[in-house]
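Asks: Right, I'll just put the structure down here and ask away after.
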Amino acid sequence: DSLGLRNTEDYHEQKYFLAGDSFIVGNGTTQNETLTQQLLRDYGLDSYSLAYPGGIVQYIDQLKSAENLFGNEHQVILFLFEGNDFDFPLFDGTELQNPYYKVIKKSLSGYYKMFNRTGIYRFMFSHRERYSIKREWKGKQRVAVRMIEGIPVAFYEKYISVSERTFLPDNPEVEKHIGSIKNRIAHIFFIPTKYRVYFDHIAECNPGEARVLTHKQREFVQRIGDKYDIGVTDLTPALIEKSNNLLREGRLTFWKDDTHWNGNGISVAAELVARNVFERN
């Protein structure tokens, strides 16, 4: 569309904005399998995607930018991905004791808001992420391949670690950003990692390798929802059920060689989003 986002048409006063990262963009899928298209085609629910790879802060900034163009007569459906939406910097409040903290933060915040809407920002952000990942994984194995019902499936090692994380720091800044638009968030959906969805099959087919999963990211999202009285839906159970059914046919809900869900996985989200919207209306 005219904003450079992955929408089939320009914004035409849709009631619902979809906010999230590459899962909602639809990485790896054709246009007709993206979430906005499945919602429209299968449920008659017209929505507009503001999705762009990034994190929670970027999602909120993207929404506020859209409000400057379209107004705020809409509701936001927010998607948070377990894999990379919770890589918080450790914030324990001591920063606030520094007398220069607020001044510096205000100055940088103004510059960031001006800069992050430009093409050069997106270019620099992408290259910075690639460089950081390259450094982080230098000399390490980035992908683990496991057999699932006779199918070789790749899993990102970082997201395996995230799924097993035993500690997640509190982050008042993230809570503050979500709280700043709490009255416009209709619902929050939690997207699990592929490793979590297929964990039982990994444990069954690769005995001795699968470890214990924790739920730190999901718990964080639920705390946010409880704090601001926003409904939260964990997509994990529905994705596991769909994945188990499809495995009988040798099919998956995620791409075999990628971290993102395919059209089958997106259909699970579409059904639950539509159900939630129709029940509230």
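The values are calculated or read from the model by the stated rules, or taken from the named source; none is laboratory data. Keep in mind that what you see is a predicted model, and the values were worked out from it rather than measured. Using ideal geometry, Cβ is built from the backbone for each residue, glycine included, and neighbour counts are taken over all protein chains shown. With ligands, DNA and RNA removed, areas are computed over all heavy atoms of the protein, side chains included. Shrake-Rupley method; radii C 1.70, N 1.55, O 1.52, S 1.80 Å.
Asks: Compare the Cα positions of Y159, A269, V143 along the charge dipole of the range 143-281 (+1 at Cβ of Lys, Arg; -1 at Cβ of Asp, Glu; about the Cα centre) and return the one farthest towards the positive end.
Replies: Looking along the dipole axis, the top candidate is A269.
Asks: At 1.4 Å probe size, with no ligands or nucleic acids counted, give the accessible surface of D234 in Å², nearest ten.
Replies: The value for D234 is about 40 Å².
Asks: PRE reach from E219 (point 7 Å along Cα→Cβ): which of the range 141-176 fall under 16 Å by backbone N?
Replies: Under cut-off, by backbone N: 162-171.
Asks: Quick one: accessible area per residue over the range 5-75, 1.4 Å probe, rounded to a whole number of Å²?
Replies: With all protein chains present, the range 5-75 gives 41 Å² per residue.
Asks: Which percent of the accessible area of the range 155-221 is formed by carbon and sulfur heavy atoms (probe 1.4 angstrom)?
Replies: Exposed carbon and sulfur together represent 49 percent of the surface.
Asks: Return the distance in nm (one decimal) between the two label points of a simple spin-label model at K227 and N281, each offset 7 Å from Cα along Cα→Cβ.
Replies: 3.1
Asks: Taking only the alpha carbons of the range 139-214, what extent do you get along each of the three principal axes, in Å, biggest first?
Replies: Principal-axis extents of the range 139-214 (Cα, largest first): 47, 29, 22 Å.
Asks: Could you check how much of the accessible area of the range 1-73 is carbon and sulfur, as a whole percent, using a 1.4 Å probe? Can you show the working numbers first?
Replies: Values: 1470 of 3140 Å².
Exposed carbon and sulfur together represent 47 percent of the surface.
Asks: For the range 38-82, what is the per residue volume of the convex hull drawn over the alpha-carbon atoms, in cubic angstrom?
Replies: 93
Asks: If DNA, RNA and ligands are ignored and the probe is 1.4 Å, what is the ranking of H12, H177 by accessible area, most exposed first? Working shown, then result.
Replies: Values: H12 80, H177 50 Å².
Ranked list, largest accessible area first: H12, H177.
Asks: Here's something else I'd like to know. In whole Å, what is the distance between the alpha-carbon centres of the range 4-59 and the range 175-208?
Replies: 18
Asks: Which value, in Å², gives the accessible area per residue of the range 142-220 when a 1.4 Å probe is used on the protein heavy atoms?
Replies: Result: 45 Å² per residue.
Asks: In addition: What accessible area, in Å² to the nearest ten, does a 1.4 Å probe give for K227?
Replies: Answer for K227: close to 120 Å² accessible.
Asks: Just to make sure I understand: if all protein chains stay in place, what is the order of W255, W261 by accessible area at 1.4 Å, largest first?
Replies: In descending accessible area the options line up as W255, W261.
Asks: Less than 18 Å from a label point 7 Å out along the Cα-to-Cβ axis of D10: which backbone N atoms in the range 29-49 qualify, by residue?
Replies: 47-49
Asks: May I pose another question? Give, in nm to one decimal, the length gained when the segment between R248 and E164 is fully stretched (0.36 nm per residue of separation minus the Cα-Cα distance).
Replies: This chain segment gains 27.5 nm when fully extended.
Asks: Go through K64/K176; K158/K182; K15/K194; K158/K216; K15/K182 and tell me which ones have a Cα-Cα distance over 23 Å in this structure.
Replies: Working: K64/K176 14 Å; K158/K182 30 Å; K15/K194 30 Å; K158/K216 15 Å; K15/K182 16 Å.
Checking Cα-Cα distances, K158/K182; K15/K194 exceed 23 Å.
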